[in-house]
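Below: one structure, written as structure tokens.
The values are calculated or read from the model by the stated rules, or taken from the named source; none is laboratory data. A quick note: this is a predicted structure, and the numbers were derived from the prediction, not measured. When we count neighbours, we look across all protein chains shown, and the Cβ atoms used for this are built from the backbone with ideal geometry, even at glycine.
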Amino acid sequence: MNLEEYRTLFIVATLGLALVAASPALSVVVPFQVGSQRFSEFWLLGPGHMAEDYPFDVGVGEEYSVFVGVGNHLGSSEYYLVYVKFRNSTQPLPDIGGSVPSSLPTLYEFRFFVGDGETWESLLTFAFQDVSLEGDVVFVGDVVINDVVFSVNSVSMRDSEDEGFYFQLFFELWRYDMTMQGFRFHDRFVGIWLNMKVS
Amino acid sequence: MAIWVGVQVSGCGIERLRDVGFMSFSKLFFVLLILSVFAVPIFVSGVFGVDGADGAASAVYRAEVAVVSAYEAVLDAEEVGADVSGLLAELNVAGGYLAEAHVWFGLWDFDNATRFADLCYYSVEDVRSKAVELKNEAHSLWVTDSVVRMVWSLIGVVVVVFLGFVVWRVFKRRYHRRILGLRPEVVSSES
């Protein structure tokens, strides 16, 4: 190695060390992004706060419960909205690919704020009233969610394959869009199937 | 002349009679119309609760605007590095009330909708000002921190460059000495 090569090596090493020394100032100007994958989690847990023992066979006169939760990994605090809806097996679900929420009316809703990297969770209780069976059709008049009565007037035909009258309680996740100045469907929904037992 | 006048008079009289009849109907119609205009809102609001709906809708709207405005201020504070967890907790209380207001509004229970919307509005009322305060505090802290970082970085860069120069000078001197030490010398071969 001749003197010129040593000089180049010294210059490069000095510049490298200078860059390290300047990094606190650079961090003020250049934001260093850590963990660039941004998303929201959305979950539903059973009454035991586990992903098991979800209510399935349901009837009149009993109260059921689930936990609904949201995790924010979007890089900043978020304003979320969860819509609770009820359907039979023929009524529309949200279209995730097309970012279209279900056209069914909202029964209950949650509005909450979640800091980045934090979670939110709430208990939801539900029950049924005014349920009747006529031939092969079950009629559900009211759904009671968190002690509030909602008239749904929904019917379900007997499912001959799965032997039951099926309904679904589902939850849509919406997020406040600052540019749109309104809530936008966040392409996520969770739900549970319920088999209505009528005596 | 007299006959003509009489005819005219009688003609006028007939015309007036008709006018009077027409006027009375139109007056009656007009009076009924005015009455109905004033009466309809009373009946409609009594039957459908339109006044309550309007009041509830405006209360819910006012609460929504207040929540979004507070949220924007909280985001601004968060952007400059303020700890907004306390404000988010306050916003969550307001969000809960607002959700309740929407639920009751959907059920046409306008009294409860208004009550919860007002609760939301009053619970979020001072969040915006707190967020602005936090933002200002965080901003001044950020400025101080940035200045300190800049100064220390500048000192660090100057020290590194100076030390690099000194080390290079020492290295160069030693290098020359070693090279010179390796220079071949002419040695007399006569003995």
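Miscellaneous remarks
- Selected residue [more than 11 Å from every other protein chain (Cβ to nearest Cβ) and more than 18 Å from the chain's Cα centre (by Cα)] from B:ALA117, B:ALA113, B:ALA101: B:ALA113
For (1) within 30 Å of B:ASN92 (Cβ to Cβ); (2) away from chain A (no Cβ under 11 Å); (3) at pLDDT below 90, each residue gets a yes or a no:
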| position | (1), (2), (3) |
| --- | --- |
| B:LYS130 | yes, yes, no |
| B:GLU133 | yes, yes, no |
| B:ASN136 | yes, yes, no |
| B:SER140 | yes, yes, no |
| B:ASP145 | yes, no, yes |
| B:TYR175 | no, no, yes |
| B:ILE179 | no, no, yes |
| B:ARG183 | no, yes, yes |
| B:VAL186 | no, yes, yes |
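- If only residues of segment B:60-98 that are at the interface with another protein chain (Cβ under 10 Å from one of its Cβ atoms) and among the aromatic types (Phe, Trp, Tyr) are counted, the one that is surrounded by the most Cβ atoms within 10 Å (Cβ to Cβ) is B:TYR71.
- Selected residue (criterion: nearest to the other protein chains (Cβ to nearest Cβ)) from residues of segment A:94-112 that are in a loop (DSSP other than H, G, I, E, B) and modelled with pLDDT under 95: A:SER99
- Here A:SER27 fits the description: in contact with a Lys or Arg (Cβ under 8 Å, 6 or more places away or on another chain) and either of a type in the set (Asp, Glu) or surrounded by fewer than 17 Cβ atoms within 10 Å (Cβ to Cβ) (or both).
- Elements of type helices (runs of 4 or more DSSP H) contained in segment B:1-115, each with 2 or more residues being at pLDDT 65 or above and under 23 Å from B:VAL127 (Cα atoms): B:50-79, B:85-106
- Members of segment A:170-193 found to be in contact with a Leu (Cβ under 6 Å, 6 or more places away or on another chain), of a type in the set (A, V, I, L, M) and buried (at least 20 other Cβ atoms within 10 Å of the Cβ), listed by number: none
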